[in-house]
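Trainee: Here it is, the structure in full.
The values are calculated or read from the model by the stated rules, or taken from the named source; none is laboratory data. Computed from a predicted model, the values in this text were never measured in an experiment. Cβ coordinates were reconstructed from backbone atoms using ideal geometry, including for glycine residues, and neighbour counts include every protein chain displayed.
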Amino acid sequence: MKVLGLAGWSGAGKTTLMASLIPLLVEAGLRVSTIKHAHHDFDVDQPGKDSHVHRAAGASEVLISSARRWVLMHELRDEGELDLAALLTRLAPCDLVIVEGFKHGTHPKLEIFRAANGRPPLHPSDASVVAVASDTPFPAALVPVIDLDDIKAVRDAVLTHAAPLGDVLARLGRHGAAE
């Protein structure tokens with residue numbers, strides 16, 4: 001398994017890029033998984049559905065299964081949020097994990113930068129940024145800068161800079177063991 005993050009400020013286009021990038025990677029024969037960080041309370045469950053009733057009643061985990069997919073929800077209750085290393089160790093084996101968010105993590109990241117956001121770039125002060133996909137040039141950048149609209153170049157950068165899971169866990173301060 002290899003891992004690379006897509007990091008940038010809200011509104012930079014990370015999710016839009018993921019929607020174009022994942023099909024290209026899958027088309028190349030890769031099995032791709034993703035981790036998405038949310039900064040707020042979220043729910044993949046709907047009130048009134050059996051799974052929501054189970055979770056609201058106090059179940060720690062609820063697994064929903066059908067002929068098309070399965071989902072495992074783990075309710076944290078009073079536990080703290082899991083860090084990226086712990087989340088990575090919970091994924092099933094795949095070829096590539098793309099992490100959206102976790103912009104302050106020490107894992108290798110491709111910065112997604114859009115000038116219209118009016119926010120400063122991450123790469124000058126974040127040594128974990130290995131390349132930048134941007135809508136504006138950065139001639140003084142110490143990492144490769146790719147045109148944000150050149151999806152094939154972005155794909156190539158992801159494949160070039162994705163790091164083995166063990167290396168990423170070591171960078172994150174873990175050595176492969178789940179918490």
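Trainee: Mind listing just one residue for me: the one in region 90-113 that is modelled with pLDDT of 95 or more and of a type in the set (D, E, K, R) and, of those, surrounded by the fewest Cβ atoms within 10 Å (Cβ to Cβ)?
Mentor: Among them, the one singled out is 95.
Trainee: Filter region 95-128 down to the residues that are β-branched (Val, Ile, Thr) and either closer than 13 Å to residue 6 by Cβ or not in a loop (DSSP other than H, G, I, E, B) (or both) and list them by number.
Mentor: Matches in region 95-128: 97, 98, 99, 112.
Trainee: Just the residues that are modelled with pLDDT under 85 and among the hydrophobic types (A, V, I, L, M, F, W, C), please, taken from region 32-55.
Mentor: 38, 42, 44 - these are the residues of region 32-55 that are modelled with pLDDT under 85 and among the hydrophobic types (A, V, I, L, M, F, W, C).
Trainee: Would you say residue 133 is small (Gly, Ala, Ser), modelled with pLDDT of 95 or more and in contact with a helix residue (DSSP H, G or I) (Cβ under 6 Å, 6 or more places away or on another chain)?
Mentor: So residue 133 passes the test.
Trainee: Okay, next question. Taking region 151-179 as the region of interest, how many residues are in a loop (DSSP other than H, G, I, E, B), at pLDDT 95 or above and surrounded by fewer than 16 Cβ atoms within 10 Å (Cβ to Cβ)?
Mentor: 0
Trainee: Name the single residue that is surrounded by the fewest Cβ atoms within 10 Å (Cβ to Cβ) among those in region 15-38 being in contact (Cβ under 8 Å) with a residue 40 or more places away in the chain and either polar (S, T, N, Q) or under 26 Å from residue 80 (Cα atoms) (or both).
Mentor: Restricting to residues being in contact (Cβ under 8 Å) with a residue 40 or more places away in the chain and either polar (S, T, N, Q) or under 26 Å from residue 80 (Cα atoms) (or both), the top hit is 38.
Trainee: Among the residues of region 47-89, how many are outside any loop (DSSP other than H, G, I, E, B), surrounded by 14 or more Cβ atoms within 10 Å (Cβ to Cβ) and under 24 Å from the mean Cα position of the chain (by Cα)?
Mentor: 9
Trainee: Quick check: anything in region 143-150 within 16 Å of the chain's Cα centre (by Cα), crowded, with 20+ Cβ neighbours inside 10 Å and either closer than 22 Å to residue 37 by Cβ or modelled with pLDDT of 95 or more (or both)?
Mentor: Within region 143-150, none of the residues are within 16 Å of the chain's Cα centre (by Cα), crowded, with 20+ Cβ neighbours inside 10 Å and either closer than 22 Å to residue 37 by Cβ or modelled with pLDDT of 95 or more (or both).
Trainee: Based on this model, can you work out whether residue 92 counts as in a loop (DSSP other than H, G, I, E, B), of a type in the set (A, V, I, L, M) and free of Cβ contacts under 8 Å to residues at least 12 places away in the same chain?
Mentor: no
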